[in-house]
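Below: the structure, in structure tokens.
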Amino acid sequence: GAVVSQHPSRVICKSGTSVKIECRSLDFQATTMFWYRQFPKQSLMLMATSNEGSKATYEQGVEKDKFLINHASLTLSTLTVTSAHPEDSSFYICSANQAVHEQYFGPGTRLTVT
Amino acid sequence: DQQVKQNSPSLSVQEGRISILNCDYTNSMFDYFLWYKKYPAEGPTFLISISSIKDKNEDGRFTVFLNKSAKHLSLHIVPSQPGDSAVYFCAAQAQNSGGSNYKLTFGKGTLLTVNP
């Protein structure tokens with residue numbers, strides 16, 4: 001089956017620093033990857049759509065300069081939270097499209113900003 | 001403006017009985033619907049899906065029903081097992097999503113607890 005990995009699974013960083021989260025499709029190529037954010041007991045909120053070789057498409061209200069997305073290859077997308085603040089603490093999840101309707105999710109990354 | 005709504009934040013059922021999770025949507029452009037199961041601190045796992053051209057899709061203990069005119073879908077789990085206890089998310093997809101190809105819009109989820 002299609003497997004998506006994320007690294008790291010959890011990270012603690014100090015306020016003002018930047019954190020990079022990697023999302024990899026392990027056994028398939030994904031032209032499109034998605035980045036979600038989930039607050040406790042809330043839904044998954046789509047942050048941006050990442051297309052290989054082109055700029056990411058951000059959802060309304062998501063700061064593109066704060067959440068930098070790079071989709072350099074068909075198996076790797078990265079999300080960099082720049083100048084992180086405590087309010088950026090959240091659970092970040094990526095997903096990858098294998099086919100039109102088949103979207104597979106990574107295990108998520110717990111970010112804590114102190 | 002929430003386009004996918006799961007109005008029941010939680011549901012508790014006895015093992016062996018049927019679990020029915022409901023989902024409503026408002027966007028008539030949605031034409032594909034998916035159910036995901038999620039445990040805490042993990043990514044969602046795909047369960048079952050249905051295209052808008054169908055009204056029912058069945059996979060083992062899981063059946064999804066779609067009522068397009070009511071913009072309503074439901075997930076039936078029968079018989080329910082304690083291992084089914086998790087948060088279930090309903091998600092919808094529009095084929096013509098503009099620049100965000102095939103993006104999913106999620107409901108807030110329903111926490112299902114199956115008691116032994």
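Find the centroid of the Cα atoms in the stretch B:1-33 and in the stretch B:34-111, then give the distance between the two in whole Å.
First find each Cα centre; the distance between them is then 8 Å.
Given an 8 Å cut-off on Cα distances and at least 6 residues of separation, report the relative contact order of chain B as a percent.
36
Using heavy-atom solvent-accessible surface (probe 1.4 Å) with all chains present, what is the largest-first order of B:Y102, B:Y88?
My answer, sorted largest first, is B:Y102, B:Y88.
For the pair B:I18 and A:S89, how long in nm is the line joining their label points, each one 7 Å along Cα→Cβ?
4.4
What is the total of Lys pairs in the stretch A:1-105 with C-alpha atoms under 23 Å apart, excluding same-chain pairs fewer than 8 positions apart?
Lysine pairs meeting the criterion: 7.
Once you charge only the Cβ atoms, +1 for Lys and Arg and -1 for Asp and Glu, what is the size of the charge dipole of the stretch A:1-96 about its Cα centre, to the nearest 20 debye?
The dipole magnitude comes to about 180 debye.
What accessible area per residue, rounded to a whole number of Å², is obtained for the protein assembly as shown using a probe radius of 1.4 Å?
Ligands and nucleic acids excluded, the figure is 48 Å² per residue.
Return the carbon/sulfur percentage of the accessible area of the stretch B:12-98, one whole number, probe 1.4 Å, all protein chains in place.
49
With the contact rule set at Cα under 8 Å and sequence spacing of 6 or more, what percent relative contact order holds for chain A?
Answer for chain A is 37 percent.
If you take the beta carbon distance between A:D27 and B:D59 as r and set R0 to 30 Å, what does 1/(1 + (r/R0)^6) give as a FRET efficiency, to the nearest 0.05?
Approximately 0.85, to the nearest 0.05.
Counting only protein heavy atoms, what percent of the accessible surface of chain A is carbon or sulfur at a 1.4 Å probe?
Answer for chain A is 52 percent, counting heavy atoms of protein chains only.
Residues of the stretch B:28-64 with accessible area at least 50 Å² lower in the all-protein-chain context than alone (1.4 Å probe)?
Buried on complex formation: B:P44.
What is the dipole size for the stretch B:1-78, taken about its Cα centre, with +1 at each Lys and Arg Cβ and -1 at each Asp and Glu Cβ, in debye to the nearest 20?
Charge dipole of the stretch B:1-78: 100 debye, to the nearest 20.
For the stretch B:1-57, which trypsin sites (Lys or Arg not before Pro) are in a loop by DSSP, counting at most 14 other Cβ atoms within 10 Å?
B:R17, B:K54
If you take the accessible area of A alone, add that of B alone, and subtract the area of the pair, what total do you get in Å², probe 1.4 Å, to the nearest 100?
For chain A against chain B, roughly 1700 Å² becomes buried.
The values are calculated or read from the model by the stated rules, or taken from the named source; none is laboratory data. On a predicted model such as this, the values are computed, not experimentally measured, just so you know. Here Cβ is always computed from backbone atoms with ideal geometry, including for glycine, and neighbour counts include all displayed protein chains. With ligands, DNA and RNA removed, areas are computed over all heavy atoms of the protein, side chains included. Shrake-Rupley method; radii C 1.70, N 1.55, O 1.52, S 1.80 Å.
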